[in-house]
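Structure record follows, encoded as structure tokens.
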Amino acid sequence: MENQDLTTQAGPEAAPTVDQGPQLTIADLQNIRGIIDVAVRRGAFGGAEASSVGSVFDRLNTFLNAVAPAPTADQTPADSTADQTPADTTDTTEAPAA
């Protein structure tokens, strides 16, 4: 029998491509937290759904507080506007008598 070379020689070394698949970033999760907060304030969920939505929100908030970098004095949190309600702009003054 002849001695056969069983090694294969590859061409130039190519970095293997790895399919990363779908990814979520911390910013995506912060946006989701803000969306949930706005939806709850606007009454998008019924009473029976409130506890499960609140539970998910609490878990997401705990996770984000643990992994998100703390804002420095120069930075404002990305979701700082989500925690604020808009001021009531309804004019309650009476119109002057004609």
Cross-chain or 6+ apart pairs with Cβ under 7 Å, segment 35-50 first and assigned to a helix (DSSP H, G or I), then surrounded by 12 or more Cβ atoms within 10 Å (Cβ to Cβ): Ile36/Val53; Ile36/Phe57; Asp37/Ala82; Val38/Ala82; Ala39/Phe45; Val40/Val53
Any chance Ala14 is in a loop (DSSP other than H, G, I, E, B), of a type in the set (Gly, Ala, Ser) and either at pLDDT 75 or above or surrounded by 10 or more Cβ atoms within 10 Å (Cβ to Cβ) (or both): no
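Could we say that Ala50 is at pLDDT 90 or above and exposed (fewer than 10 other Cβ atoms within 10 Å of the Cβ) here?
Against the criterion (at pLDDT 90 or above and exposed (fewer than 10 other Cβ atoms within 10 Å of the Cβ)), Ala50 does not qualify.
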Yes/no for Ala70 being at pLDDT below 95, of a type outside the set (Phe, Trp, Tyr), surrounded by fewer than 10 Cβ atoms within 10 Å (Cβ to Cβ) and assigned to a helix (DSSP H, G or I): no
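The values are calculated or read from the model by the stated rules, or taken from the named source; none is laboratory data. Keep in mind the model is a prediction, meaning the values are calculated, not measured. With ideal geometry, Cβ positions are generated from the backbone for all residues, glycine too; neighbour counts draw on all protein chains shown.
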